[in-house]
Each structure stands twice: as structure tokens, then as C-alpha cells.
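Visitor: Sharing a structure below in C-alpha cells format, with a few things to ask.
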Amino acid sequence: MGVIGGHAVIIGGSIGGLAAARTLSNRFGSVTVLDRDTLPDVAADRKGVPQSPHAHALLISGRRKLDQLFPGLTDELIAGGAVPFDPGYDLLFHQMGALRTRFKSGHQGISLTRAYLEHTVRRRVAALPNVEIRDRTAVNGLFGVSGRVLGVELDDGARLGADLVVDATGRSAGRTDRWLEELDCPAPKTTTVKIDVGYTTRMMHRQGGELQDGALLFLMSAVPPHDKRAAAIFAVEGDRWIVTLGGWHRAHAPVDPEGFTAFADGLPTSIVSDLLARTKPVEDGDAERFTYPAARRRWFEHLKKVPEGFVALGDAICSFNPLYGQGMTAATLEAVELARCLDRHKAATPTMARRFYRAASRVIDTPWQMSTSSDFMYPETVGAKGVGTDLLNRYVRQVMLASHVSVPAHRVMLDMQHLLAKPASVVRPDRVVRSLIAARRSPAAGALD
């Protein structure tokens with residue numbers, strides 16, 4: 001590690017951009033984070049992150065990596081109200097028709113709102129002596145010469161030079177395709193998987209004990225392909241429950257209180273409706289809704305020509321189905337890989353960028369395979385289906401059934417979902433045999449035959 005450049009500019013101040021700012025602060029003399037939003041001084045939702053009011057998951061691998069970047073962050077978040085939990089025991093997971101068996105996993109998760117996490121991380125980044133965060137600053141384009149980015153052009157016409165520009169603008173990053181093409185750099189090919197996801201969220205007051213069996217979190221995904229609904233209940237800071245209801249392919253929960261409750265009442269488990277009956281909303285009126293038409297992956301690693309002085313990161317490379325809660329963790333892991341590649345190459349060269357995109361693809365491959373494979377359990381999903389997806393889904397369905405009665409099956413699913421293990425771990429021969437045997441004992445096995 002060492003200073004390898006004078007100035008880095010990051011476009012976008014969400015979790016991926018903030019994690020990148022932290023890793024680049026040790027490698028550039030100064031770092032500027034630009035965001036077009038007005039960034040709040042408190043933990044509050046903002047216009048540029050429309051999904052912020054809804055349930056968010058920081059996976060265990062992501063929490064651990066953020067703790068490495070910002071020592072003591074987990075303890076700080078918990079002191080401010082974030083709820084620590086064991087994902088094997090404190091989270092009730094209703095999947096494939098029944099609850100997973102509970103066990104003490106030894107892992108620590110934290111449950112909190114997106115706004116609180118982002119605010120706390122942003123405050124840590126702003127305290128770094130060589131980092132400046134500039135809000136209400138929109139980027140209008142890149143400037144440079146053929147094959148090389150030299151900085152960004154702001155909407156007021158001003159130019160900001162940089163040795164490295166990081167695109168962390170999220171799904172809006174498609175506009176950078178045009179900017180790169182103006183510098184004779186081709187845009188990457190894109191894979192799109194149409195999922196028509198939508199969900200609605202209400203905040204409820206939390207006194208404790210309202211969720212079944214003293215649990216702190218609840219997740220539900222109904223049985224595909226005919227039932228497309230999903231639900232989440234998370235205990236979060238401020239003594240609140242965040243309740244998010246929705247699903248795939250327009251199985252979206254209504255925003256009005258009566259319709260929201262009716263949607264909960266119709267779920268295959270009464271856990272959500274029971275909690276709603278025991279609690280009161282934080283605010284009256286209609287709930288918040290968010291829609292997400294498609295997951296998208298941009299294949300930068302396949303480009304023959306990549307620009308010098310530029311990389312994309314986070315949702316600018318791959319935007320996952322948000323129902324799986326993978327985005328913040330993947331972006332954080334990519335920011336760490338960017339730092340490693342810079343350390344190896346000592347400059348933001350095209351060779352460094354190619355190595356970074358290959359490393360980022362290894363981060364992305366597992367959550368992309370997991371999420372899109374699950375999305376293709378629904379025949380309405382449209383897009384490029386990976387080879388062997390249907391066969392893998394039939395087997396994973398059996399592992400899900402096994403997790404109702406088998407701790408080893410639950411553990412392997414938990415480790416995969418938190419990006420602590422690769423999908424290959426679920427198809428080890430010994431696990432295949434045990435899972436197929438345990439699946440027969442699931443209380444939902446007969447109903448799904």
C-alpha cells in the first residue's frame with residue numbers, strides 16, 4: 001500500500017462509493033466524492049436512493065468487510081440502535097412452504113435501516129483528512145483523450161481533473177456508456193433479466209416480543225412457480241419494525257393500509273398479519289412502494305479495450321434483484337478488490353482496470369448465479385438463462401426442503417446467501433445425499449409433490 005496518484009474522483013455517494021473512498025484514501029493524495037443529492041446531516045432517506053425506505057440486508061460478509069475498512073463500525077452501529085442477531089436463530093425464514101429449523105450459527109448480523117448505515121459510513125468517510133464529499137454536484141460527462149479519462153465535467157461546465165474516476169452511480173450508470181464512447185472506448189455488453197419486482201413498506205412501533213417465538217427478523221418467499229409473493233420483517237433502530245411486502249412479476253402489495261393488511265392476511269403464514277395486529281404504524285397514511293423491473297449485469301471484463309483512468313463499481317457493473325439483499329455487500333467487496341489491483345499495478349492503467357474487472361466478476365458471479373437462478377423458478381422471468389439452471393433449481397429446491405429439518409442444510413444455505421461460501425458447496429456429494437434424504441422429512445414435502 002502507498003500513494004500512487006494525486007487525485008481520485010468518485011461519482012456517487014452511496015455505500016459502494018463510500019467504501020471506494022475509504023480504500024482510495026490510502027492510495028491517492030486526495031479523494032473527492034460527488035453526489036447530485038442533498039446529503040442529509042442525519043439518518044434520513046434521500047431522493048437519489050428510492051429504495052432506501054425499504055428493508056435492507058447487510059450480509060455477514062459485507063459487515064465484516066466494512067468493519068475492516070472502518071474499525072469498530074459494527075459496535076458503533078449497535079450503540080446507535082442497530083439490532084444484533086444470529087441469522088440461524090433470530091431470523092425466522094419461511095421458504096418452500098415451512099420455516100427453516102433454527103440453530104445457533106455463531107455468526108453475527110446487524111439489522112438497521114439503509115439510511116442509518118449510509119449516514120454512519122458517510123460520517124466516517126467525511127472525517128478522513130484527504131477526502132471531500134460534495135453534494136448537490138451533478139456530473140455532466142467525462143473529459144480526456146482517446147482511450148484515457150482525465151477527469152469529470154460538472155453540470156456547471158467546471159472540470160475536475162483526476163488520475164482515477166470511479167463510476168459508482170448505480171443503475172443510472174448506463175449514461176457513462178455514451179461518455180466512454182466519446183473517448184473511443186466501447187460500452188460493455190449487458191445482460192438483463194426481467195423480473196418485475198415491487199414491494200411496499202410500513203414502519204411499525206416495536207416494544208419487543210411481537211414477532212413469533214421472540215425472533216428479531218422474518219423472511220418469507222412463497223412456493224414458485226405459482227405463488228410469487230415475498231415478505232420481510234426486520235427489527236431496526238429507533239424501536240421499530242420495518243415490514244416489507246411484495247414479490248415478483250407484479251405480485252406487489254398495495255400502499256393503502258387496508259390493502260397492505262389484506263396482502264399480509266393472504267400470505268401462506270400468519271406471522272406478518274399477527275405482527276401487524278399487535279403493533280401500530282409509525283406514520284398514518286399510505287406506505288412507500290418501490291418497483292424494480294430488471295436485474296442487469298454489464299460485462300466490463302469482456303471488453304478488449306478499457307479506458308485508462310476509469311473503472312465502474314457496484315450497481316454500475318451489476319444491479320441484482322433487491323429481494324436478495326446482495327447489492328451493498330457486493331459493492332463493498334468490489335471496492336476492496338479495486339484497492340488490491342491498484343496496489344499491484346501502482347497506477348490506474350488499462351491493465352489494472354482489466355484485472356479489477358476480472359476480480360469484480362469473481363465477486364459478482366456467486367450472487368448473480370444465486371439470484372438469477374432463483375428468479376428463473378418463475379416462467380414469467382425473461383432473459384439469458386444460465387446453462388443448467390433448471391437442474392440446479394430442482395436440486396436447490398430439495399436443499400430448501402431439507403433446511404426445514406436439517407441444521408447442516410440450513411447452514412449451507414445460510415453461508416451461501418451471506419456470500420461466505422460458493423454455490424459449489426451445496427453440491428458436494430456428501431451433502432447431496434444428506435439433503436435428498438432430509439428433504440423427505442420436511443413438513444412441506446407432501447404438499448409440494
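Visitor: Scan segment 396-427 for residues that are in a loop (DSSP other than H, G, I, E, B) and either surrounded by fewer than 21 Cβ atoms within 10 Å (Cβ to Cβ) or of a type in the set (S, T, N, Q) (or both) and jot them down.
Guide: Residues of segment 396-427 that are in a loop (DSSP other than H, G, I, E, B), as a first pass: 403-406, 418-422.
Hits for segment 396-427 are S403, V405, S406, L419, L420, A421, K422.
Visitor: Something else about it: Are any of the residues in segment 364-376 of a type in the set (S, T, Y), outside any helix (DSSP H, G or I) and either in contact with a strand residue (DSSP E or B) (Cβ under 7 Å, 6 or more places away or on another chain) or closer than 21 Å to G97 by Cα (or both)?
Guide: For segment 364-376, residues of a type in the set (S, T, Y), outside any helix (DSSP H, G or I) and either in contact with a strand residue (DSSP E or B) (Cβ under 7 Å, 6 or more places away or on another chain) or closer than 21 Å to G97 by Cα (or both): absent.
Visitor: Is there a residue being without any contact (Cβ under 8 Å) to a residue 60 or more places away in the chain, touching a Pro at 6+ places or on another chain (Cβ under 7 Å) and on the phi < 0 side of the Ramachandran plot anywhere in segment 416-426?
Guide: Going residue by residue through segment 416-426, those that are without any contact (Cβ under 8 Å) to a residue 60 or more places away in the chain are 416, 421-426.
Then keep just the ones that are touching a Pro at 6+ places or on another chain (Cβ under 7 Å); that gives 416.
Still in the list and also on the phi < 0 side of the Ramachandran plot: 416.
Within segment 416-426, one or more residues are without any contact (Cβ under 8 Å) to a residue 60 or more places away in the chain, touching a Pro at 6+ places or on another chain (Cβ under 7 Å) and on the phi < 0 side of the Ramachandran plot.
Visitor: Here is a list: P40, P87. Which entry is closer than 30 Å to R441 by Cβ and not small (G, A, S)?
Guide: Values: P40 fails: closer than 30 Å to R441 by Cβ.
Every option except P87 fails the conditions.
Visitor: Would you point out which residue out of R394, R362 is among the charged types (D, E, K, R) and over 21 Å from R434 (Cβ atoms)? Can you show your working first?
Guide: Numbers: R394 fails: over 21 Å from R434 (Cβ atoms).
Residue meeting the stated conditions: R362.
Visitor: Whether any residue in segment 50-58 is surrounded by 20 or more Cβ atoms within 10 Å (Cβ to Cβ), in contact (Cβ under 8 Å) with a residue 60 or more places away in the chain and not in a loop (DSSP other than H, G, I, E, B) is what I want to check.
Guide: Looking through segment 50-58, none of the residues is surrounded by 20 or more Cβ atoms within 10 Å (Cβ to Cβ), in contact (Cβ under 8 Å) with a residue 60 or more places away in the chain and not in a loop (DSSP other than H, G, I, E, B).
Visitor: I need a count of the residues in segment 85-100 that are in a loop (DSSP other than H, G, I, E, B) and buried (at least 20 other Cβ atoms within 10 Å of the Cβ).
Guide: Filtering segment 85-100 for residues in a loop (DSSP other than H, G, I, E, B) gives 86-90, 96-97, 100.
Subsequent filtering for residues that are buried (at least 20 other Cβ atoms within 10 Å of the Cβ) retains 87-88, 90, 96-97, 100.
Summing the residues that are in a loop (DSSP other than H, G, I, E, B) and buried (at least 20 other Cβ atoms within 10 Å of the Cβ) in segment 85-100 gives 6.
Visitor: Take the conditions over 28 Å from M416 (Cβ atoms), of a type in the set (S, T, Y) and either buried (at least 22 other Cβ atoms within 10 Å of the Cβ) or at pLDDT 95 or above (or both) and apply them to S361. Does it pass? Steps first, answer last, please.
Guide: Working: over 28 Å from M416 (Cβ atoms): no; of a type in the set (S, T, Y): yes; either buried (at least 22 other Cβ atoms within 10 Å of the Cβ) or at pLDDT 95 or above (or both): yes.
Against the criterion (over 28 Å from M416 (Cβ atoms), of a type in the set (S, T, Y) and either buried (at least 22 other Cβ atoms within 10 Å of the Cβ) or at pLDDT 95 or above (or both)), S361 does not qualify.
Visitor: Please name all residue pairs, on different chains or six or more residues apart, with Cβ atoms under 6 Å, provided the first residue is in segment 137-166 and is touching a residue at least 24 places away in the same chain (Cβ under 8 Å) and the second residue is among the basic types (K, R) and in a loop (DSSP other than H, G, I, E, B).
Guide: If the second residue must be among the basic types (K, R) and in a loop (DSSP other than H, G, I, E, B), the pairs left are A138/R36.
Visitor: If I filter segment 1-51 down to residues being in contact with a strand residue (DSSP E or B) (Cβ under 9 Å, 6 or more places away or on another chain) and of a type in the set (S, T, N, Q), which single residue comes out as nearest to G238 (Cα to Cα)?
Guide: Q51
Visitor: Looking at segment 110-149, which of its residues are outside any helix (DSSP H, G or I) and within 25 Å of L217 (Cβ to Cβ)?
Guide: Taking segment 110-149 and keeping what is outside any helix (DSSP H, G or I), we get 110-113, 127-149.
Once the filter is applied, which keeps residues that are outside any helix (DSSP H, G or I) and within 25 Å of L217 (Cβ to Cβ), segment 110-149 yields I110, S111, L112, T113.
Visitor: Next question. Only one of G72, G62, G29, G80 is more than 18 Å from the chain's Cα centre (by Cα), in contact (Cβ under 8 Å) with a residue 60 or more places away in the chain and outside the structural domain of A360 (by TED's automatic domain parsing); which?
Guide: Values: G72 fails: in contact (Cβ under 8 Å) with a residue 60 or more places away in the chain; G62 fails: more than 18 Å from the chain's Cα centre (by Cα); G29 fails: outside the structural domain of A360 (by TED's automatic domain parsing).
The conditions single out G80.
Visitor: Quick one: A158 ticks every box in (1) in contact with a Leu (Cβ under 7 Å, 6 or more places away or on another chain); (2) under 19 Å from D37 (Cβ atoms) except a single one, so which number is it?
Guide: In the conditions (1) in contact with a Leu (Cβ under 7 Å, 6 or more places away or on another chain); (2) under 19 Å from D37 (Cβ atoms), A158 misses (1) alone.
Here is a yes/no grid of residues against (1) crowded, with 22+ Cβ neighbours inside 10 Å; (2) among the aliphatic types (A, V, I, L, M); (3) within 23 Å of the chain's Cα centre (by Cα):
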{"position": "L211", "(1), (2), (3)": "yes, yes, no"}
{"position": "F218", "(1), (2), (3)": "yes, no, yes"}
{"position": "D239", "(1), (2), (3)": "no, no, no"}
{"position": "L245", "(1), (2), (3)": "yes, yes, yes"}
{"position": "H249", "(1), (2), (3)": "no, no, yes"}
{"position": "H252", "(1), (2), (3)": "no, no, yes"}
{"position": "G266", "(1), (2), (3)": "no, no, no"}
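Visitor: Regarding D274, is this residue touching a Ser or Thr at 6+ places or on another chain (Cβ under 7 Å) and not aliphatic (A, V, I, L, M)? Don't jump to the end; show me each part of the working.
Guide: Values: touching a Ser or Thr at 6+ places or on another chain (Cβ under 7 Å): no; not aliphatic (A, V, I, L, M): yes.
No: the conditions fail for D274.
Visitor: For segment 334-352, enumerate the residues that are crowded, with 24+ Cβ neighbours inside 10 Å and either under 23 Å from the mean Cα position of the chain (by Cα) or outside the structural domain of V33 (by TED's automatic domain parsing) (or both).
Guide: E334, A335, L338, listed by residue number.
Visitor: Here's another thing I want to ask about it. When you scan segment 428-444, how many residues do you find that are in a helix (DSSP H, G or I) and touching a helix residue (DSSP H, G or I) at 6+ places or on another chain (Cβ under 7 Å)?
Guide: Counting residues in segment 428-444 that are in a helix (DSSP H, G or I) and touching a helix residue (DSSP H, G or I) at 6+ places or on another chain (Cβ under 7 Å) gives 6.
Visitor: Out of S105, S14, report the one residue that is buried (at least 20 other Cβ atoms within 10 Å of the Cβ), assigned by TED's automatic domain parsing to the domain that holds I317, under 30 Å from V272 (Cβ atoms) and polar (S, T, N, Q).
Guide: Details: S105 fails: assigned by TED's automatic domain parsing to the domain that holds I317.
Checking each option against the conditions leaves just S14.
Visitor: Within segment 128-150, which residues are touching a strand residue (DSSP E or B) at 6+ places or on another chain (Cβ under 9 Å) and surrounded by fewer than 20 Cβ atoms within 10 Å (Cβ to Cβ)?
Guide: Passing the criteria: L128, N130, E132, R134, D135, A138, N140, G141, F143, G147, R148, L150.
Visitor: Consider A295 carefully, then state whether it is outside any helix (DSSP H, G or I), of a type in the set (A, V, I, L, M) and within 15 Å of the chain's Cα centre (by Cα). Can you show your working first?
Guide: On the way: outside any helix (DSSP H, G or I): yes; of a type in the set (A, V, I, L, M): yes; within 15 Å of the chain's Cα centre (by Cα): yes.
It is true that A295 is outside any helix (DSSP H, G or I), of a type in the set (A, V, I, L, M) and within 15 Å of the chain's Cα centre (by Cα).
Visitor: Inside segment 153-173, can you point out the residues that are under 22 Å from S319 (Cβ atoms) and in a strand (DSSP E or B)? Write out each step before concluding.
Guide: Let us first name the residues in segment 153-173 that are under 22 Å from S319 (Cβ atoms), namely 165-173.
V165, V166, D167, listed by residue number.
Visitor: Only one of these conditions is not met by L391: (1) over 22 Å from the mean Cα position of the chain (by Cα); (2) assigned to a loop (DSSP other than H, G, I, E, B). Which number is it?
Guide: If we test L391 against (1) over 22 Å from the mean Cα position of the chain (by Cα); (2) assigned to a loop (DSSP other than H, G, I, E, B), just (2) comes out false.
The values are calculated or read from the model by the stated rules, or taken from the named source; none is laboratory data. Predicted model, so just to flag it, every value in this text is computed and none were measured. Please note: Cβ atoms are built from the backbone with ideal geometry, for glycine as well, and neighbour counts cover all protein chains shown.
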